[in-house]
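Written out below as structure tokens is the structure these notes cover.
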2 protein chains.
Amino acid sequence: MRFISQTSSDGVTEQLFILGEIPGVLWTPENTAGARPLILMGHGGGRHKKDPDVVARARRFVTGGGFAVAAVDVPGHGDRPKDERYDRIATENQARVTAGEEPAPLIAAFQALVARQTVPEWRTVLRELQRLEHVGAGPVGYWGVSLGCGLGVPFVAAEPRVRAAVLGLGGALASAEAAARITVPVRFLLQWDDERVPRAQGLALFDALASAGKTLHANPGRHGELPAFEADSSLRFFQRHLC
Amino acid sequence: MRFISQTSSDGVTEQLFILGEIPGVLWTPENTAGARPLILMGHGGGRHKKDPDVVARARRFVTGGGFAVAAVDVPGHGDRPKDERYDRIATENQARVTAGEEPAPLIAAFQALVARQTVPEWRTVLRELQRLEHVGAGPVGYWGVSLGCGLGVPFVAAEPRVRAAVLGLGGALASAEAAARITVPVRFLLQWDDERVPRAQGLALFDALASAGKTLHANPGRHGELPAFEADSSLRFFQRHLC
């Protein structure tokens, strides 16, 4: 893990890093040392590790809860090179949807393919982050919706260090099988008028989670309209389960 | 409104009162004066105004948020005399369910009948409570699930002084029509494994609410197993909308 920049503002230190081919960012409280709970955040499709929504939420978790927060670019996103194989599949899928095919099964198959790469990548990133003096080997949480749910569900299912997760804006078709292996507390966010994930698909994914402690939060609005107050609610959820 | 007892413990003053034929209870912060937001609480079927769950939640709202909280007995419950007409209908309904009839439409019709009495009763209680020096005419919230939802939905729909409501454990068959007239912020609680309200009925009631600001919180468990942390979440909801 090689750090390539460090800046601080408003009580938050931001460090950009590279681990192998994976560019990432780590946010921690400024001027503090020692171990703290870590939250990994997955970004949405077409977004990246420093998407404004990701940064705002990360800073809230750092300043409000004293957490360390990290995000990495998904292959083909942000500072990573285009991936020819993924690009080809995406182009093919787009053509199939234009020709009238249902998008949900295509998205599900595509996310499953990408997850075969990102699950081991994220586990490696987690291992290296926990070796840092200002992160340490404490409890780990995961936050990810939309693509961050599609890739996050198999990650949380595979990674025993993750003790609690906020997931959502994803459907059962893509993720139900892995969700049935998740037993840690989950907060699941659903947008009632989601134009990309059919309501029944989202409810079925919540249903599929094996966690005894899971809560669904549903709000009116479209896929991209998660209400701001859910960020504070996520913070309290992580404080309850990781601190 | 005639007060018949007053006790205080752990920072909460509890006053029992009678208004006409309606026995009620008012909880307020001990040793404080002046106006404060008021939360009316509806109790569940077969329960009463001083059910342990009602008392615990009321005390939490008083000590945690400085609210005034009040509850009254539904006709035929608590300190109120048996109501022969309601009893006869309940007995008839029980026989029809035993004979194989679906219970949901019978419960819906019964709650609609009782609500024709409780909506005007609760509006009168609200008016009188707001005349008290230690309550005042500030913002009003409503909290009620199960029967407290069946009777609460038509009350909240009819009473413009109510600015925010926590509802839940109720179904569309009983309440969708009145719910479509509710526009204030609503927190809706649903138990994912509710053995009394079919999941689709609960989701359809949430859907029917006309409120732009409504949030569904669904948790695993049966009708009577609302998780304790939802009480704190309700408190924050009322603080956000009434304070």
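Just so you know, all these numbers are worked out from the coordinates, no wet-lab data involved. The shown structure was predicted, so the numbers you read here are calculated from the model rather than taken from an experiment. With ideal geometry, Cβ positions are generated from the backbone for all residues, glycine too; neighbour counts draw on all protein chains shown.
If we only count helices (runs of 4 or more DSSP H) wholly inside the stretch A:159-243, which ones have 2 or more residues that are polar (S, T, N, Q), within 14 Å of chain B (Cβ to nearest Cβ) and touching a residue at least 12 places away in the same chain (Cβ under 8 Å)? Don't jump to the end; show me each part of the working.
On the way: elements: A:172-179, A:199-208, A:229-242.
Passing ranges, in order: A:229-242.
I'm checking my understanding of the structure. Among residues of the stretch A:132-156 that are out of contact with any strand residue (DSSP E or B) (no Cβ under 6 Å at 6 or more places or on another chain) and surrounded by fewer than 23 Cβ atoms within 10 Å (Cβ to Cβ), which one is nearest to residue A:219 (Cα to Cα)?
A:138
When you scan the stretch B:1-29, how many residues do you find that are within 14 Å of residue B:56 (Cα to Cα) and not in a strand (DSSP E or B)?
Qualifying residue count, the stretch B:1-29: 2.
Please go through the stretch A:118-158 and pick out each residue that is of a type outside the set (S, T, N, Q), under 17 Å from residue A:48 (Cβ atoms) and not in a helix (DSSP H, G or I).
Those that are of a type outside the set (S, T, N, Q), under 17 Å from residue A:48 (Cβ atoms) and not in a helix (DSSP H, G or I): A:143, A:144, A:145, A:151.
Hey, among the residues in the stretch A:188-200 that are within 19 Å of the chain's Cα centre (by Cα) and not aromatic (Phe, Trp, Tyr), which one's surrounded by the fewest Cβ atoms within 10 Å (Cβ to Cβ)?
A:196
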